[in-house]
Amino acid sequence: MAHDFSRPSLLGARDCFARRIGGAPLDSLTSNPQVLNSKVIPQPLEASRLRRLQAVGILCGFSAGAWLGAAEAPTKFVKAGVSPIVVSLLMVIGVFLARWSLPALIRGTGQIRLDIREAPHLIVWGVLAGCLWAVANTMTIFAIRDIGLSIAFPLWNINSLLGIFWGFVLFNELRDAGRLRWASVIGGAVLMFAGATLLTLASSGRMAAEHSTRGILAALCAGILWGTMYIPYRKAYLTGMNPLSFVAFFTIGELGMMTVLALGYGGGLSALWREFLNARPALFWLMLGGFVWVIGDLFQQYAAKYVGISRGIPLSNSNQLWGLLWGILVFGELQGRGSSVYAQVIGGSLLMAAGVGAIALSAVTGREHARWHEAAQREGERYGVDANYVEAGLEGRFTEDMKIQPGRNWLDWVLVVLATAVFISLAALARAPHMTLNGNALTALCTVMFIFLAGCGTALWKITRFS
């Protein structure tokens, strides 16, 4: 299915889309009731298929929360004298290794080559999203250092509010969703905002005012950048790109931007190298944090694809509850604090969890999904992308070209072996952190994470074959 991207034909893309849903070119459908203002109204997705995609999207959102919540735990090394910039850079290096090796292991790089051929413009959007992520992730390190993991998590999760806003304004999410679903999403957003406010009040007495204010601002700025980052996400998945391909381009922007930040903030290459040498015992743990983050982020990408950013992002932001559990149960962050602080932190987290639950229950209707099709058609026309490719992405299936892609090749196995070797080598140099940890809580949380991994991975394979 080769295309001449030097001369994209918008009319050709529209005709192809029309043939797919109506069996005739666009010009012959002008009198058809399925056509309004010269635009094709796609037939709704089969109800049973839509329900399955919704179910797997919701499961991916909660699985993302569990893994993204755990990924921030290694950043506690900032308390042990490791520079926040080095922490962030090392995590990003771990992310880079994972975001190329995991897609190679799951489906092979043939999927990436196909997506480049079909939608090359999305490479730029993926790199841009990665740049935004790198800056935001660096800010979270400062936030954790200043106000703690259990409080910083909910603050930067205002990205949920931006996800809802951008999903509605740019991508037809919540259009024709009905009053009840609107109330669920808006009500959930209000609950999340109230919870974040309560947690901000809890942080105000934690330490010196200067540090508290700085940490709060860092967490809020991270949330704004992450909320904006979801625009490239949705553009990619409405156009039909596979999440496994998108994250591979995403990480190019991550690593490039994070390297620039580290060199600029850290005082140059020699100073950065000294920081690396000083952090040798922590290299494995921080890069492992990046690897864990990628697993959560992959689930988040699939959630954004199948339930939209207005629902998928709030669902994945259940990671704030996991951050609370890791901070309190494993690291004992709030030990010695008064009962009022516990009440504020737990109450705020429960409010945010209630908001997430309300949003999760606002399932996408057939009418709303048809509006997603319209947004997808618009994206396809804008960039001259084949309509069958776009539709296949929305429906969680593969086109014929995708089905005949060759299996894993030598490059895929090189990527997997290289990443594995790096982590094994760093593990041999690693030392256990000099921190007080609750081993029972750590074991319990890790067990639940792997249950999510197995269950969600199986569901994705059975329903979408990781499309």
**Request:** Compute the separation of the alpha-carbon centres of region 222-237 and region 74-133 and state it in Å as a whole number.
**Result:** 15 Å
**Message:** Could you compute Rg(Cα) / (2.2 N^0.38 Å) for region 250-342, with N its residue count?
**Reply:** 1.45
**Complete:** Looks like region 323-429, by Cα gyration tensor root eigenvalues a ≥ b ≥ c and the a/c under 1.5 rounded cutoff (else prolate when a/b is bigger than b/c, oblate otherwise), is oblate
**Request:** List, in order, the whole-Hz ³J(HN,Hα) value for each residue of region 55-71 obtained from phi through the Karplus relation with A = 6.51, B = -1.76, C = 1.60 and θ = phi - 60°; use x for Gly and Pro.
**Result:** 4, 5, x, 5, 4, 4, x, 6, 5, 4, x, 5, 7, 5, x, 6, 5
**Message:** On the principal axes of its Cα set, how long, how wide and how thick is region 325-380? Give whole Å, largest value first.
**Reply:** 56, 21, 14
**Prompt:** Does region 49-189 classify as rounded, prolate or oblate by the C-alpha gyration tensor (a ≥ b ≥ c root eigenvalues; a/c under 1.5 gives rounded; else a/b over b/c gives prolate, otherwise oblate)?
**Reply:** oblate
**Item:** For region 299-311, 3J(HN,Hα) per residue [Karplus equation, 6.51 cos²θ - 1.76 cosθ + 1.60, θ = phi - 60°, Hz, x = Gly/Pro]
**Value:** 4, 5, 4, 5, 5, 4, 6, 9, 10, x, 6, 5, 10
**Item:** Rounded if a/c under 1.5, otherwise prolate or oblate - region 99-156, Cα gyration tensor axes
**Value:** prolate
**Prompt:** Tell me, what ³J(HN,Hα) does each residue in region 443-452 have, in order and in whole Hz, if you take phi through Karplus 6.51 cos²θ - 1.76 cosθ + 1.60 with θ = phi - 60° and put x for Gly and Pro?
**Reply:** 5, 5, 5, 5, 4, 5, 4, 6, 5, 4
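FYI, it's all coordinate maths here, none of it is from the lab. Because the structure is predicted, anything quoted here is derived from the model rather than measured.
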